[in-house]
Amino acid sequence: MRYKIELAYEGTHFGGWQVQNNTITVQGEIDKALSQVCNQKIETMGCGRTDAGVHASYFVAHFDGPENIPVDLDIRLNKMLPNSIGIKKIVAVNEDFHSRFSATQREYHYHIHRSKNPFTTNTSWWLATELNVAAMNQCAAAIVGKHPFQAFCKGEIPNGNPRCEVFIAEWMITEAGYTFQIQANRFLRNMVRALVGTMVEVGQGKISPADFEAIFVGGSRSEAGASAPAQGLHLTDVKYPTAIAEGNPMG
């Protein structure tokens, strides 16, 4: 039987979502706890592969397991998992559901704080300089729609397809500093952090919005800015077709 897990995690002390050798990962911790409760090896599949230090206020995974899973599985897992991982809900879903490939939209927020704050050091980028938000929003407007994003991709392009459809891209001024919101049908590796890093250079006046668009169209990662630090990035939402995403809550 297939199950969907909704969870959140603070990624500071993890090597990312995906299981890796010689580092603690979110997936690794969940798989270990699930396997212990279910008395068999369980391997989860996540909706994405967040990098080391990246966070998720909403993340979705699925796994195949026995039908007689405890109705209080979420409570048991939360007692076993570190405080930096929280299970929100577990539901039984259709066998066609896939946490990664069934997703139609994902949303990320990137947070920047202007005043040094020890309570946000691990969840936001401390950047003391004032940014030109109007100029950065010119760049954000340019990426909305269907475009190739190879200029903001780290490493190989998945399946050789650099095109993503961006539905929302916007910089907002917050009480603490700035937040970038982006929603798209898919993301390339490191794409959001590369976009943020390059747009911040625009906000600092190092390059112009026209320069940004030239980099975007040119498609060369070496021309774009450095990636923004991992700790400011948060996965905040993942959307699925209603027909396959809804399930039966445990208990």
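The values are calculated or read from the model by the stated rules, or taken from the named source; none is laboratory data. What you are looking at is a predicted structure, and each value in this text was computed from that prediction instead of being measured. Neighbour counts run over all protein chains shown; Cβ positions are idealised from the backbone, glycine included.
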### Query
So is residue 244 modelled with pLDDT under 95 and either in contact with a His (Cβ under 9 Å, 6 or more places away or on another chain) or assigned by TED's automatic domain parsing to the domain that holds residue 8 (or both) or not?
yes
### Task
Could you please find all residues in segment 221-238 being among the hydroxyl-bearing types (Ser, Thr, Tyr) and out of contact with any strand residue (DSSP E or B) (no Cβ under 9 Å at 6 or more places or on another chain)?
222, 227
### Query
Which one of these is farther than 25 Å from residue 158 by Cα, surrounded by 21 or more Cβ atoms within 10 Å (Cβ to Cβ) and not charged (D, E, K, R): 90, 69, 75?
90
### Message
Quick check on this structure: which one of 37, 26 is in contact with a helix residue (DSSP H, G or I) (Cβ under 6 Å, 6 or more places away or on another chain), outside the structural domain of residue 153 (by TED's automatic domain parsing) and among the β-branched types (Val, Ile, Thr)?
### Response
37
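Okay, residues lined up against (1) more than 25 Å from residue 231 (Cα to Cα); (2) among the hydroxyl-bearing types (Ser, Thr, Tyr):
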| position | (1), (2) |
| --- | --- |
| 17 | no, no |
| 50 | no, yes |
| 57 | no, yes |
| 75 | yes, no |
| 79 | yes, no |
| 85 | no, no |
| 101 | yes, no |
#### Entry: Cβ-Cβ under 9 Å pairs, at least 6 apart or on other chains, segment 160-175 side modelled with pLDDT of 95 or more, far side exposed (fewer than 15 other Cβ atoms within 10 Å of the Cβ) and among the basic types (Lys, Arg)
163/146; 164/146; 165/146; 166/146
### Task
Answer yes or no: is there a residue in segment 118-125 that is part of a loop (DSSP other than H, G, I, E, B) and farther than 21 Å from residue 55 by Cα.
no
### Task
Kindly indicate whether residue 154 is among the charged types (D, E, K, R), under 19 Å from the mean Cα position of the chain (by Cα) and modelled with pLDDT under 95.
yes
### Task
For segment 50-105, enumerate the residues that are part of a strand (DSSP E or B) and farther than 30 Å from residue 121 by Cα.
62, 63, 64, 90, 91, 92, 93
